[in-house]
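Below is one structure, written out as structure tokens; comments come after it.
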Amino acid sequence: MTCECHKINWMARVQNPDKKYRMVDGSPYVEGVGCQDKVNLGTMDYHTYLTVCKYMPEEGSLFPEEVLQELLSDMSENPATIRPAPVPESTPP
Ligand SMILES: [Zn+2]
């Protein structure tokens with residue numbers, strides 16, 4: 001499994017009034033292309049995400065700094081938007 005996040009125009013989030021991502025060709029965002037979506041959909045596990053994704057929303061990744069700042073400012077409202085939460089280890093009852 002590889003990172004396909006380069007197919008997403010992340011900057012659209014800060015450039016468009018609707019604050020939505022778009023694909024690099026300008027078409028509407030396709031759910032399931034980005035690694036975060038894959039984790040949310042269950043098609044990529046969290047460890048793989050941490051290993052292969054080049055666009056994790058954090059410093060040092062290819063994720064645009066401007067968009068990162070935008071996400072961080074939104075975090076106070078909904079902390080889950082910044083990154084998919086790791087699946088907790090299942091604990092026996
Ligand atoms: Zn990725």
Original post:
What is the distance, in nm, between label points placed 7 Å from the Cα along the Cα-to-Cβ direction at Lys54 and at Asp18?
Top reply: 2.8 nm
Original post:
So which aspartates and glutamates pass the test for Lys19, namely a Cα distance under 14 Å, with those fewer than 8 places away in the same chain ruled out?
Top reply: Glu66, Glu70, Asp74
Original post:
Out of residues 5 or more away from Arg22 or on other chains, whose amide H comes under 5 Å of its own, with H placed 1.01 Å from N in the peptide plane?
Top reply: Asn9, Ala12, Arg13
**OP:** Step through the residues of segment 43-56 one at a time and calculate ³J(HN,Hα) from phi using the Karplus curve (6.51 cos²θ - 1.76 cosθ + 1.60, θ = phi - 60°), rounding each to whole Hz and writing x for Gly and Pro.
**Re:** 8, 9, 8, 4, 5, 4, 4, 5, 7, 9, 6, 9, 10, 5
**OP:** Give me the distance in nm between label points sitting 7 Å out from Cα along the Cα-to-Cβ direction at Glu70 and Lys7, one decimal.
**Re:** 2.1 nm
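Read the figures in this text as sums done on the coordinates, not as results from a lab. Keep in mind that this is a model prediction, so the values were computed, not measured. For neighbour counting, all protein chains shown are included, and Cβ atoms are generated from backbone atoms with ideal geometry for every residue, glycine included.
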